[in-house]
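Participant: To start, I am sharing the structure in question, which I have written as structure tokens.
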Amino acid sequence: MRGFAFLALLCLAAGLMAQDQDFSKVQIKVTKVSGNIYMLEGSGGNIAASVGEDGIVIVDDQYAPLADKIATALKAIGVTDKPVRFVINTHYHGDHTGGNLPFATGGSTVIAQDNVRKRLETGGKAGIGPVMTMEQKPAPKGALPIITFDHDVTVHLNGEDIRALHFPAGHTDGDAIVFFPKANVVHMGDDFVRYGYPFIDVIAGGSVQGMIDACDKVAALLPVDVKVIPGHGQISTLADVREYSLMLKETSAAVQAAIKSGKTVDQMKKEKLLAPWDAKYSGKFITSDLFIETLYNSLTNQKNAPFVKHN
Ligand SMILES: [Zn+2]
């Protein structure tokens, strides 16, 4: 059993937590997903890697102290001696972008959605709402993405047209989902995770509606047999994404109905409103109560502009 609570906490408090973790014990596990696409697991978000004759492209880069181990693991695949030419960030959280600085210093070009760069540059607050807010420190200049995009960007390497597509308000406001069409693999970032109820960074522009939209768009657009790399957890299928999206819709509807009938968050918690989903999804960190809080804040957030789709 993996430390899901710890993972989720890292996702929130990466800057601080990174110093508390003993990275010397972390080993990088490499799994071939399909074609020349590999998944790397260590600590933090899953990494996807396209490893081929043109060099290496990685999606997300975990933590700075792991960069050497990640580079060594990529070399050990034995396909190429060429370096990591591009890093694509799926969102700004430190457990997905912590390696930006060492990789950029080593010559990689970091690519991300506009809002990822903004949030890394300024730092600020992250979290579910008043019940859980974390301070994120500004990232050093060398860690900032050099190339940013608004809607989408494509990297043409290793015979792949690697496409990163922005979903505007899911896990955060700067999410990218990255598709490798030739190998038929997608990296979902934290719009799809396997640790139970998801962490949604409502303070940084995330919303449950946006997460549902991202999952449904992927399910509608991608081949039915696409191999799915979640932000955290094991390689999955499109059926898993659909099931997760259904849970998001059903739990949202339950909270929406309770809001409409005038119930407070505390009443929803007391009544165990999400009981039908808890056995499968309630985690040690994003508990049933915290997910009620997340859904309530997401569905009632007046500060957020009306939910906009631009895909
Ligand atoms: Zn995250």
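The values are calculated or read from the model by the stated rules, or taken from the named source; none is laboratory data. As the structure is a prediction and not an experimental result, all values here were calculated from the model. Note that each Cβ is placed from the backbone with ideal geometry, even for glycine, and that neighbours are counted across all protein chains shown.
Conditions tested, residue by residue: (1) in a loop (DSSP other than H, G, I, E, B); (2) more than 18 Å from the chain's Cα centre (by Cα); (3) over 23 Å from residue 38 (Cβ atoms).
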residue	(1), (2), (3)
110	no, no, no
118	no, no, yes
125	no, no, yes
128	no, no, yes
142	no, yes, yes
154	no, yes, no
162	no, no, no
165	no, no, no
172	yes, no, yes
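Participant: Exactly one condition in (1) among the polar types (S, T, N, Q); (2) farther than 17 Å from residue 39 by Cβ; (3) within 20 Å of the chain's Cα centre (by Cα) is false for residue 105; which is it?
Facilitator: The failed condition is (3).
Participant: Further, regarding this structure: Considering segment 26-40 alone, what residues qualify as being free of Cβ contacts under 8 Å to residues at least 60 places away in the same chain and either farther than 13 Å from residue 187 by Cα or touching a His at 6+ places or on another chain (Cβ under 7 Å) (or both)?
Facilitator: Selection gives 26, 27, 28, 29, 30, 32.
Participant: Among (1) within 16 Å of the ligand (Cβ to nearest atom); (2) out of contact with any Leu (no Cβ under 7 Å at 6 or more places or on another chain), there is one condition residue 176 misses while meeting the rest; what is its number?
Facilitator: In the conditions (1) within 16 Å of the ligand (Cβ to nearest atom); (2) out of contact with any Leu (no Cβ under 7 Å at 6 or more places or on another chain), residue 176 misses (2) alone.
Participant: Read through the list (1) in contact (Cβ under 8 Å) with a residue 24 or more places away in the chain; (2) surrounded by fewer than 24 Cβ atoms within 10 Å (Cβ to Cβ); (3) closer than 25 Å to residue 83 by Cβ, then give the number of the only condition that residue 108 fails.
Facilitator: In the conditions (1) in contact (Cβ under 8 Å) with a residue 24 or more places away in the chain; (2) surrounded by fewer than 24 Cβ atoms within 10 Å (Cβ to Cβ); (3) closer than 25 Å to residue 83 by Cβ, residue 108 misses (2) alone.
Participant: List the number of the failed condition for residue 193; all other conditions in (1) more than 30 Å from residue 269 (Cα to Cα); (2) out of contact with any helix residue (DSSP H, G or I) (no Cβ under 8 Å at 6 or more places or on another chain); (3) touching a residue at least 24 places away in the same chain (Cβ under 8 Å) hold.
Facilitator: (1)
Participant: Can you report the number of residues in segment 209-223 which are surrounded by 24 or more Cβ atoms within 10 Å (Cβ to Cβ) and either of a type in the set (A, V, I, L, M) or away from the ligand (no atom under 16 Å from the Cβ) (or both)? Spell out the reasoning first.
Facilitator: Initial filter on segment 209-223 (surrounded by 24 or more Cβ atoms within 10 Å (Cβ to Cβ)): 210-211, 214-215.
Adding the requirement that they be either of a type in the set (A, V, I, L, M) or away from the ligand (no atom under 16 Å from the Cβ) (or both) leaves 211, 214.
Residues that pass the stated criteria total 2.
Participant: Next question. Would you please name the residue that is surrounded by the most Cβ atoms within 10 Å (Cβ to Cβ), looking only at residues in segment 134-166 that are at pLDDT 95 or above and touching a Gly at 6+ places or on another chain (Cβ under 6 Å)? Write out each step before concluding.
Facilitator: If we filter segment 134-166 for residues that are at pLDDT 95 or above, which is where we start, we get 138-166.
Now restrict to residues that are touching a Gly at 6+ places or on another chain (Cβ under 6 Å): 138, 158.
On the way: 138: 14, 158: 23.
Result: 158.
Participant: Within segment 66-105, work out how many residues are assigned to a loop (DSSP other than H, G, I, E, B), touching a residue at least 40 places away in the same chain (Cβ under 8 Å) and within 16 Å of the ligand (Cβ to nearest atom).
Facilitator: 6
Participant: Are any of the residues in segment 209-218 part of a loop (DSSP other than H, G, I, E, B) and hydrophobic (A, V, I, L, M, F, W, C)?
Facilitator: no
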